[in-house]
1. Among the residues of segment 419-444, which ones are closer than 30 Å to Ala471 by Cβ and free of Cβ contacts under 8 Å to residues at least 12 places away in the same chain?
2. If Asp293 satisfies all but one of (1) of a type outside the set (S, T, N, Q); (2) farther than 19 Å from Phe387 by Cβ; (3) under 25 Å from the mean Cα position of the chain (by Cα), what's the number of the condition it fails?
3. What about Arg129, is it charged (D, E, K, R) and closer than 23 Å to Tyr246 by Cα?
4. I need the full set of residues from segment 102-148 which are assigned to a helix (DSSP H, G or I) and among the hydrophobic types (A, V, I, L, M, F, W, C), in order please.
5. If we keep just the residues of segment 67-81 that are in contact with a helix residue (DSSP H, G or I) (Cβ under 6 Å, 6 or more places away or on another chain) and assigned to a loop (DSSP other than H, G, I, E, B), which is farthest from Ser132 (Cα to Cα)?
6. Would segment 213-227 turn up any residue that is within 12 Å of Arg245 (Cβ to Cβ) and either basic (Lys, Arg) or at pLDDT 95 or above (or both)?
7. Take Leu87 and decide whether it is surrounded by 22 or more Cβ atoms within 10 Å (Cβ to Cβ) and part of a helix (DSSP H, G or I).
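The values are calculated or read from the model by the stated rules, or taken from the named source; none is laboratory data. Just so you know, these numbers come straight off a predicted model, no measurement behind them. Glycine also receives a Cβ, built like all others from the backbone with ideal geometry; neighbour counts cover every protein chain displayed. The accessibility values were calculated without ligands, DNA or RNA, using every heavy atom of the protein model including side chains. Shrake-Rupley method; radii C 1.70, N 1.55, O 1.52, S 1.80 Å.
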Amino acid sequence: MKERYKPLLTPWKIGKVEIKNRIVLTSMGGTDLFGWMEWNHFDKDGARFILEVAKNNAGLVLPGCQPVYNPMYGQWLHKNKKMYDDLAKWMPEFHKTGAKLFVQLTAGFGRSFTVSEMMEKLYNNPVLRVLSKPVMDLDKITASASPSPNRWSDKLPSREMTKEEIQEFIDSFAKSSKLLKDAGVDGVEVHAVHEGYLLDQFTLHYVNKRTDEYGGSLENRYRFAAEIVKAIKAACGPDFPVSLRYSVVSKTKGFRQGALPGEDYVEAGRDMAESEIAAKFLQDAGYDMLNCDNGTYDAWYWAHPPVYMPENCNLAEVEHIKNFVDIPVVCAGRMTLDAAAEAVAAGKLDGAGFARNFLADPEWFTKVLEDREADIRPCILCHNGCFNMCHYKGVPNDQDLSDSLHLARCAVNAEMMQWDKHYIKKTNEPKTVHIVGGGIGGMEAARVLTLRGHKPIIYEKSGVLGGTFIAASSESYKGKLRDLLTWYRREMEKLGVEADAIQHGGDKDMEKKIKKAYPAKSLTQSIAAMAGDLGVGALTLTDIIEEMKKPARDPREDAPPVVFRGDVKQFEDLKIDMEMTGTVRNVVDFGAFVDIGVKNDGLVHISQLSDKFIKHPMDVVSVGDTVKVKIISIDYDKHRVGLTMKGLN
């Protein structure tokens, strides 16, 4: 394990419960121990996933949120005693891993309940509404702090919850927590003053318009959440730890209007000034930890950040709120190990939350510990398997109702939570299988076929594996997609998948040069390595041959141009023919990366490939050298700038 990650292996405490390290599996719908959107039971698939995560070195494990009132069939969670007995029998196996288990209990969804077209029909037809009530009581499921529009649909509004209903939920939290404690669970997490779920709707001014003791002042708006933890402590004792899922700032401009990173806006929900007071109020009510992020379902991309959200997008706010409480805080939301380790070492954070990483590769943290990070199958932040009902605008959920049972699937790991449907079975009759096209689909087919015992051969006309995914991953913010491409190419090499039967153009001398420069098992893999070295998504033998036809130039006289991409605003003052001074930060086969003081990802222009076969740039410049460069082109598009430069003598 890298030395800089060592702070993540230090123990910490939630109340009196010690956690062995700082890695926290945060909850995801569909990884539940008592079923998800179905009849409550001890869920063996959920338990299998949770145990797999614990075996792979997570310190604190939180299964998917468990509604105390089940939207399907209207069950109260505390009334099915058998599933708690089944859980108690399973807990010793879990505890052998050294991890701790906190079960997340939710008050539900309120106006954030994901509505489908079928649900709209049930709700708006008086007869169907009555008939469907025993299975799905939409009136009760979607009830909120005050009458309000549903997050996803204009056809199924939320009514106001009664005080009697509020008390029912509080009682079920307490009774369910006591049963979990008796089953051997280490703690519970209350879901949630977070992401605009039901409890959060009570805290937010733009939703809560009540005039009773649950509306108005800060104390009143947070009363529901406070009464829940007090009831749990009364039932389970003061030493039974209770965490709270908590969004520090709402990042919300209004109903169905989320704020974007860096946007200047007026906060409609919880701002930082209120959060500083609320966090202390919730701690004093009895919560032992805050499991934090930002956002509401009106700004869902903060709590479920897709690929275009920044890494560690919630960390600054979470670090800030830690200054106002004396209990541990966890941060989730595109967390990186580097940022997490640095924050823990500095005392700015207690735990680092990761979720989708474990769906894509449950062994990912074990591989980090074993210095096998190249073997980690990356999550690409696509939501297609784990959160495919998300939409920015208010529209009904387009996910089939039957499909909502499987939220925890994964687009890059077909087996995840579908072990009975997708699995590797060794063949008794090995075959040679010809695969036309070396894109992601072709490589996945080759991977599975090889693991099953077959011999696949990939035919890819471009000369590089990746297919349309190369173009799809080319945008600067799509680094995770490029990571997946790298992972697949590496898997092809590790598994010895044959991909030589490709139409390259017949230049055998050039093939020999490339294989000598980039030794690999096949020409395709050599070209892929060259493309990676050059920092470009795609490269074919034809590209190289065409470049070699151009007159060669000594890079000492005319250094190859380099392209930088970054935010458009960073380039407003730059002009063509402008000469600048920069510092060489890296030297590779095709040229030098020069730091000119703007954020960039150092993409290299492909037009100077022929320089590789003349003089190595390391013979011309070294890291740390101060060099002069001249801007020769500036290419603007909607979201970025391509800046091409060349060195000057």
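1. Listed by number, the list holds a single entry, His422.
2. (2)
3. no
4. Across segment 102-148, the qualifying residues are Met118, Met119, Leu122, Val127, Leu128, Val130, Leu131, Leu138, Ile141.
5. To start, the set of residues in segment 67-81 that are in contact with a helix residue (DSSP H, G or I) (Cβ under 6 Å, 6 or more places away or on another chain) comprises 68, 71, 76-78.
Still in the running and assigned to a loop (DSSP other than H, G, I, E, B): 68, 71.
On the way: Val68: 20, Pro71: 12 Å.
Out of the qualifying residues, it is Val68.
6. Taking segment 213-227 and keeping what is within 12 Å of Arg245 (Cβ to Cβ), we get 225.
Cutting the leftovers down to either basic (Lys, Arg) or at pLDDT 95 or above (or both) gives us 225.
For segment 213-227, residues within 12 Å of Arg245 (Cβ to Cβ) and either basic (Lys, Arg) or at pLDDT 95 or above (or both): present.
7. yes
Quick grid of which residues meet (1) in contact with a Leu (Cβ under 7 Å, 6 or more places away or on another chain); (2) under 23 Å from Phe281 (Cα atoms):
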site: Ile141; (1), (2): no, no
site: Lys178; (1), (2): no, no
site: Val193; (1), (2): yes, yes
site: Thr211; (1), (2): no, yes
site: Tyr222; (1), (2): yes, yes
